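Structure first, then comments.
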Amino acid sequence: MGEDHQDIYDPAFVADLFDRCSARYRWWSAVASFGLVWVWRRACVQRLGAMVLIARLKGAETPKAPRILDLMAGTGEVWPHLLARFPRAHVTAIDISRAMHDEAVARLHRARSHAITHIQTDALTEPLPAASADLVIATFGLKTLTQAGQSLLAAQINTALAPGGSFALIEASDPRGWALRPLYLWYLTKILPLVERALLRGAQDFSMIGTYTQRFGDCGHFAQQLRAQGLFLTERRHFFGCATSVSGFKPIAPLGAKP
Ligand SMILES: C[S@@+](CC[C@H](N)C(=O)[O-])C[C@H]1O[C@@H](n2cnc3c(N)ncnc32)[C@H](O)[C@@H]1O
């Protein structure tokens, strides 16, 4: 892939990349991460559930059948976790890649079509109706965004969330400060590309995920953007910082406002 000559953050480039990854995305992400992506998706849903409880202590009431917005939904890998935790939810899922969308829809029609609407669109530019979501989630969709893109996404989340609504996002990250970081980065940037080239006849698409992850760093910048929107949040590191998450809620009254 001509990464040096291409803007790897161009939405068309990102959509093409995931179009090519779509057929194998499910098993490759699970196997290449030794199952950690499954654990982290579940952790993200647990953070969302915890935020619902904290928001309730602050006077917010999340409906029993919440409207959930799943951003950068891909093939819908987080849905089983989401629907286990919020069985009466309706999920609106957004993804920019046509082929990821098609994979997701094929999956939907089997068991979950009543509970999920999947839309192929750009999460940064799609006009999201104000207060249309009680909960917002995104798993592993941040790393292909620039910092400016992350600011746009933070604004989108603030618009879409109803007051008192909760959110949780998780992303693979660079585990700075971890003693085994060099080994981890060697695996991500050297071993995985070799395995991909060998198994997938020279393809280097999934290997790009290592490049994006290293450049992404962690959720710190995105957390600042969410705070700038007036959202309350906490940050977490998972497995020595190999993933980081942000979770929180939209205050019923703007932060700092007196009743
Ligand atoms: C690594 S996958 C994660 C998919 C899924 N959420 C998961 O947990 O496996 C990232 C997804 O984000 C999508 N994506 C990237 N930029 C996007 C954007 N601006 N709008 C909507 N989807 C986007 C890609 O098409 C891809 O399907």
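A short reminder: the numbers here are calculations on the coordinates, not readings from a lab. Keep in mind that this is a model prediction, so the values were computed, not measured. We place every Cβ from the backbone using ideal geometry, glycine too, and count neighbours over all the protein chains shown.
Between the DSSP loop rule and a limit of at most 12 other Cβ atoms within 10 Å, which GluC sites (Glu not before Pro) in the stretch 1-100 are left?
61
Between the DSSP loop rule and a limit of at most 11 other Cβ atoms within 10 Å, which trypsin sites (Lys or Arg not before Pro) in the stretch 1-69 are left?
Those satisfying the criteria are 64.
Lys/Arg Cβ at +1, Asp/Glu Cβ at -1, dipole of the stretch 122-259 taken about the Cα centre: which of 231, 129, 162 is farthest positive-ward?
Result: 231, furthest along the dipole toward the positive end.
If you place +1 on the Cβ of every Lys and Arg and -1 on the Cβ of every Asp and Glu, how big does the dipole about the Cα centre of the stretch 3-249 come out, in debye to the nearest 20?
It comes to approximately 1020 debye.
In the chain, with Lys and Arg counted as +1 and Asp and Glu as -1 at Cβ, which of these residues, 81, 31, 118, has the Cα nearest the positive end of the dipole, that is, farthest along it?
Going by the charge dipole, the pick is 81.
Quick one: net charge around residue 66, please, counting Lys, Arg +1 and Asp, Glu -1 for every other residue with C-beta under 14 Å from its C-beta.
Once all neighbours under 14 Å are counted, the net charge is +3.
Per residue, how much space in cubic angstrom lies within the convex hull of the C-alpha atoms of the stretch 97-228?
In the stretch 97-228, the Cα hull volume divided by residue count equals 147 Å³.
Evaluate the charge dipole of the stretch 102-259 about its Cα centre and quote only its size in Debye, nearest 20, assuming +1 on the Cβ of each Lys and Arg and -1 on the Cβ of each Asp and Glu.
Charge dipole of the stretch 102-259: 360 debye, to the nearest 20.
Based on the mean of other beta carbon atoms within 10 Å per residue, what is the order of 137-143, 176-182, 247-253, 34-40, most packed first?
137-143, 247-253, 34-40, 176-182
Give me 173, 207 ranked fewest to most by other Cβ atoms within 10 Å of their Cβ, as a rough exposure proxy.
So the ranking, lowest neighbour count to highest, is 207, 173.
Helices from the chain with mean Kyte-Doolittle at least -1.0 and a Cα length along the axis of 30 Å or more, per DSSP H: which?
Going by DSSP H runs, the hits are 36-57.
Please work out the Cα center distance from the stretch 64-119 to the stretch 214-231, rounded to the nearest Å.
Here the two parts' Cα centres lie 25 Å apart.
Given N residues in the chain, what is its alpha carbon radius of gyration divided by 2.2 N^0.38 Å?
Rg over 2.2 N^0.38 Å, computed on Cα atoms: 0.98.
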